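Let me begin by presenting the structure, written as structure tokens, before commenting on it.
The values are calculated or read from the model by the stated rules, or taken from the named source; none is laboratory data. All values derive from a computational prediction rather than experimental measurement. Don't worry about glycine lacking a Cβ; one is built from the backbone with ideal geometry, like all the others, and counts go over all protein chains shown.
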Amino acid sequence: MNDNVIDEIVRRFRADALVAVDQIAASLADRLRAISAPAVEPQIGVTGVEVVLEPPKDLITAARAADLAKRSKATIARWCKSHPWGEKPDGFAVFLRGRWFVSRSLFEAFLRSQ
């Protein structure tokens, strides 16, 4: 192997490693945002009793949900808008800081019902 081939292999490895690190960092940032988001505001039930809902603890990004469901991100965004958590019995999506997050367990139950 000549030096040019070795340099090209090293350059490609570095580029691939940087992409992988960026993906890991983005995933960690998504998780940190999800767990540090403020709790959902309590809602008033039909009887006038305050109902405090615990936000889901198994939030994943909408992009990850798209991978799990083998559907497009646009489809997942549409589903998220029509299935908000805490507002509908089959809700699984939470809109936090301008992004959709999905409760993995509730989303998997939704997929099984389809």
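Going by the structure shown, is ARG78 farther than 17 Å from ARG104 by Cα, modelled with pLDDT of 85 or more and part of a helix (DSSP H, G or I)?
no
Can you pull out the residues in region 82-106 that are assigned to a helix (DSSP H, G or I) and in contact with an Asp or Glu (Cβ under 9 Å, 6 or more places away or on another chain)? Step through it out loud before you land on a result.
So the first thing to find is which residues in region 82-106 are assigned to a helix (DSSP H, G or I), and the list is 82, 104-106.
Of everything in region 82-106, those that are assigned to a helix (DSSP H, G or I) and in contact with an Asp or Glu (Cβ under 9 Å, 6 or more places away or on another chain) turn out to be ARG104, SER105, LEU106.
From the list PRO84, PRO55, which residue is closer than 15 Å to PHE107 by Cβ, of a type outside the set (S, T, N, Q) and modelled with pLDDT under 80? Lay out the reasoning, then the answer.
On the way: PRO84 fails: modelled with pLDDT under 80.
Going through PRO84, PRO55 in turn, the sole match is PRO55.
Take PHE107 and decide whether it is crowded, with 17+ Cβ neighbours inside 10 Å, under 24 Å from LEU32 (Cβ atoms) and more than 9 Å from the chain's Cα centre (by Cα). So PHE107 fits the description; yes.
Answer with yes or no whether ALA69 is closer than 17 Å to ALA29 by Cβ and surrounded by 13 or more Cβ atoms within 10 Å (Cβ to Cβ). If you could, list the steps in order and put the result at the bottom.
Details: closer than 17 Å to ALA29 by Cβ: no; surrounded by 13 or more Cβ atoms within 10 Å (Cβ to Cβ): yes.
The answer is no for ALA69.
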